[in-house]
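This report concerns only the one structure given below.
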Amino acid sequence: MIKKPIIRKPSDKKDDWSLLWKGLGVFVLLLIVAFVVNVYFIEERKRERYTCARMESDAQNTFAAISSYFADPDRITLPTIDQLIEEEGLFTTFPVKIEGDPEQDIIVSVINNGDAECPKGKKYVAVMGGGEGVWED
């Protein structure tokens, strides 16, 4: 008995190729969705890190402006933010609060006004000459 060779019809090959293209299309679609989601979350984490760094930087810039303010020996009272902005050219991204006594400790608080998120906290508090500040909620 002679075996007949299996002969495929042209329509069978078309079905094989269309199945392959459909599978490849689904794979590419999943890659695109994963890429978009990943980029979104990466950008969100970057924004959060930027916000935290900006708050810390605002505190350090305020300390620098206070130091510059007290370089004049006639100044003995704690300056306001408006004085530092006007006289020392201070620029901050977030609202800053200055407390304390120039003879003792000067405390600078940077408050996140809610425009951007920082996972470390909503408020950054630092003491002049006291090293790194503390995050509070």
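Bear in mind these aren't lab numbers, they're just calculated from the coordinates by the rules spelled out. Keep in mind it's a predicted model, so treat the numbers as computed, not measured. So basically every Cβ, Gly included, is an ideal-geometry build from the backbone, and we count neighbours across all protein chains shown.
Mind telling me which of the residues Glu103, Glu99 ends up being assigned to a strand (DSSP E or B), more than 30 Å from Glu43 (Cα to Cα), free of Cβ contacts under 8 Å to residues at least 40 places away in the same chain and not basic (Lys, Arg)? It would help to see each step written out before you state the result.
Details: Glu103 fails: assigned to a strand (DSSP E or B).
The conditions single out Glu99.
Being acidic (Asp, Glu), in contact (Cβ under 8 Å) with a residue 12 or more places away in the chain and more than 25 Å from Val134 (Cβ to Cβ) narrows it down to one of Glu87, Glu43, Glu56, Glu48, so name that one.
That would be Glu87, the only listed residue that is acidic (Asp, Glu), in contact (Cβ under 8 Å) with a residue 12 or more places away in the chain and more than 25 Å from Val134 (Cβ to Cβ).
Of these, Ala53, Ala71, which one is aliphatic (A, V, I, L, M) and surrounded by 10 or more Cβ atoms within 10 Å (Cβ to Cβ)? Spell out the reasoning first.
Numbers: Ala71 fails: surrounded by 10 or more Cβ atoms within 10 Å (Cβ to Cβ).
On inspection, the qualifying residue turns out to be Ala53.
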